[in-house]
RNA sequence: GGGAGCGUGCCGGAAUUGGUAGACGGACUCGACUCAAAAUCGAGCGCCUUCGGGCAUGUGGGUUCGAGUCCCACCGCUCCCA
């Protein structure tokens, strides 16, 4: 528990963790502009795991690169040094006070021309001189009303004020002024920075504004001094004006100056993280109560194990006014201290919602256990999760917290793995069609748009902007899957969603495409219905592997398969191959559905020319391949084809209990293939050639072709590239 | 400003990882069926063309027999961090 400046959501009347405040300084839940407040709150020490959380990211090979990058940025490890600047009195003598700054550029210390404190820094009040007090107070007041974003954004002016005191640069003994400025934050590092205008852009802007000296101490290697017109020189280089470090490359100077500081007692190497401890206190009713009791004599006492869990009261009144309802329910919070028995007070803060979601997946391994959340045996046998699916919005909230919990539980010996999720799929969002009147700025509901091909404002008649955007009530662009399910059924809805876009991309919801998917399913029904009319049936295992194998054996002795049969078998086994690959590994459901469409198209043209066993193989395969995508229709078709008789009580004969079709690679082989003839890399035509022709044969065929005669004009090519089964490239 | 990713027909999107760009679907056009419409079926559908072909995957270069795919620079968009 610690006192800290926290993010306060004025709408929800609760505090928030840093991860829950977006880049505009707004609450992830309410959207309110977050305020800063000083409160005593509970934290989890996630910073103790900062190194591990960062260093283990490369292990997560099944995660999207960008999620790993986002986490790395969020943790934000920077290596540098803490350097101490003694505060001097009016006569220039060192006092007992000193300012410690954090910097990633100890190599630039000889260029420090001032030191800046955050306005909230505890030493500000004590060090401010009398003549500066009024300015300092006014400035601090101004800054307290600014958001973190306003204070630190690059394009915002940097403001500050000198507080009157001076410090001594420990590297060269120079006396430099002490300032406070809005761009220095109390929470980051030590809340103090050294100002090196020549080599830091913010310091440069600040120094120019307040006419502070700019002294260059690093120059580009092998070049003259850098002139300060554009701004600070922030790249690596060679040191100058740095005493005994002159001539040293800046990369080496970082270590050398840090070592000197350590030896002489004015600094030390330091690794700094952007990650802060996780603030978990919430002033809400809904949440798991933080299980501690506050006793005047014993202090903070954990609720004894036998009294856990602490349950929320049911007789609570929701006033809707500020603060937690629990704090207003004395009958709930008044308890006796478990240590001394004196009257004490139960903690009324509850835990952040992300606490529970950080380990819920572990509970799935042992859901009926009433004594423990899970046993080690159960959790180790089921976890880590093979494939996790979630939105990109969890990239640094839930997915970082869950990793942290897993590592803590591992260190407590409660489980044996380092990372909770092996593969991560960040699925896209459904976006609805959105109409906006750009003159009035108003959004128009699709139902009010009379003609979607020429959308106009029903009131003003203005032409409307049309685009797809994340669904939002205020934009009237929500889509209700229930409407589609009612009209077309769940199978159509599923097929549409899977086909329209790859899973990690946003999906533009378009009613016309839903209609198209519905047509495809109807086409499948007619295809199977037609087959049934012609007497085809899957009863007694017709069309399964063994039967087909026998048919093929017989066919070979009696002249082989006809053209329809060959084409159909190739289509069937291509579909098996492609759909199996699409479902395995990277989930490419959109191309899997398109393969189903191709198979259905091939069946429409070839089914009637095939013998019954091969037609049945195609029908059986189609329906089984369809089953994961359109489970209801697939079962109906299976029933219709008498794969399962209606009276058959055995559920195991359902299409969903059938073995996945096996690929017969021989079916993919063609007798002849189309050989593309290129001349100088350009396609000039193609030849029908035997599939098993060797390189020499292909070259000869290509050279003898009309295409070669026409384009080579009788000359022999200087080079011939042959890619068997694909192409021949003739280079004149 | 730093980082990550992306850029392909009218649209959503494919492309065995360097080998016929535009699969599959939507939209659109034409035809068949129909009194008519819907549905269904068939055909067409990147651009230009003197009908030989030429040009096309954001732009400009490069590597290669061959580049949507690899390399360099630039432009634009999205997200994350400032």
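The values are calculated or read from the model by the stated rules, or taken from the named source; none is laboratory data. Since the model is a prediction, treat every value here as computed from it, not as a measurement. Every residue, glycine as well, gets a Cβ built from its backbone with ideal geometry; the counts of neighbours run over all protein chains shown.
Could you please find all residues in the range A:107-126 being in a helix (DSSP H, G or I), surrounded by 15 or more Cβ atoms within 10 Å (Cβ to Cβ) and without any contact (Cβ under 8 Å) to a residue 60 or more places away in the chain? Across the range A:107-126, the qualifying residue is only A:124. Select from the range A:623-642 the residues that are within 16 Å of RNA strand B (Cβ to nearest atom), closer than 19 Å to residue A:662 by Cα and not in a helix (DSSP H, G or I) and list them in ascending order. Selection gives A:629 alone. Of the residues A:129, A:104, the single one that is at pLDDT below 90, more than 21 Å from residue A:250 (Cβ to Cβ), touching a strand residue (DSSP E or B) at 6+ places or on another chain (Cβ under 6 Å) and surrounded by fewer than 17 Cβ atoms within 10 Å (Cβ to Cβ) is A:129. Is there a residue in the range A:217-225 that is in contact with a helix residue (DSSP H, G or I) (Cβ under 7 Å, 6 or more places away or on another chain), under 20 Å from residue A:172 (Cα atoms) and at pLDDT below 85? The answer is yes; a qualifying residue exists. Scoring residue A:65 on the criteria (1) surrounded by fewer than 16 Cβ atoms within 10 Å (Cβ to Cβ); (2) closer than 23 Å to residue A:120 by Cα; (3) within 14 Å of RNA strand B (Cβ to nearest atom) leaves a single failure, condition (2).
From (1) more than 19 Å from residue A:393 (Cβ to Cβ); (2) part of a strand (DSSP E or B); (3) at pLDDT 75 or above, pick out the condition that doesn't hold for residue A:7. (1) is the only condition that residue A:7 fails. Residue-level analysis places residue A:667 among those that are crowded, with 20+ Cβ neighbours inside 10 Å and modelled with pLDDT under 90.
Given the structure, is residue A:287 in contact with a strand residue (DSSP E or B) (Cβ under 9 Å, 6 or more places away or on another chain) and assigned to a loop (DSSP other than H, G, I, E, B)? The answer is yes for residue A:287.
Selection of the range A:570-597 for residues being out of contact with any helix residue (DSSP H, G or I) (no Cβ under 7 Å at 6 or more places or on another chain) and without any contact (Cβ under 8 Å) to a residue 60 or more places away in the chain yields A:581, A:584, A:585, A:586.
The set of residues from the range A:472-505 being surrounded by fewer than 16 Cβ atoms within 10 Å (Cβ to Cβ) and either within 8 Å of RNA strand B (Cβ to nearest atom) or outside any helix (DSSP H, G or I) (or both) comprises A:472, A:478, A:480, A:502, A:504, A:505.
Count of the range A:379-391 residues, restricted to those that are surrounded by 15 or more Cβ atoms within 10 Å (Cβ to Cβ) and either touching a strand residue (DSSP E or B) at 6+ places or on another chain (Cβ under 6 Å) or not in a loop (DSSP other than H, G, I, E, B) (or both), is 7. If you go through the range A:688-720 and keep only what is within 11 Å of RNA strand B (Cβ to nearest atom) and over 16 Å from residue A:674 (Cα atoms), you end up with A:710, A:711, A:717, A:718, A:719, A:720. For the range A:237-284, the set of residues classified as farther than 14 Å from residue A:108 by Cβ, assigned to a loop (DSSP other than H, G, I, E, B) and under 41 Å from the mean Cα position of the chain (by Cα) consists of A:274, A:275, A:276, A:277, A:280, A:283, A:284, listed by residue number. Here the range A:653-681 is the region considered, the condition is being closer than 25 Å to residue A:729 by Cβ and assigned to a loop (DSSP other than H, G, I, E, B), and the residue that is nearest to RNA strand B (Cβ to nearest atom) is A:681. Only helices (runs of 4 or more DSSP H) whose full extent lies in the range A:507-622 are considered here, and none of them has at least 3 residues that are more than 16 Å from RNA strand B (Cβ to nearest atom), exposed (fewer than 15 other Cβ atoms within 10 Å of the Cβ) and at pLDDT 90 or above.
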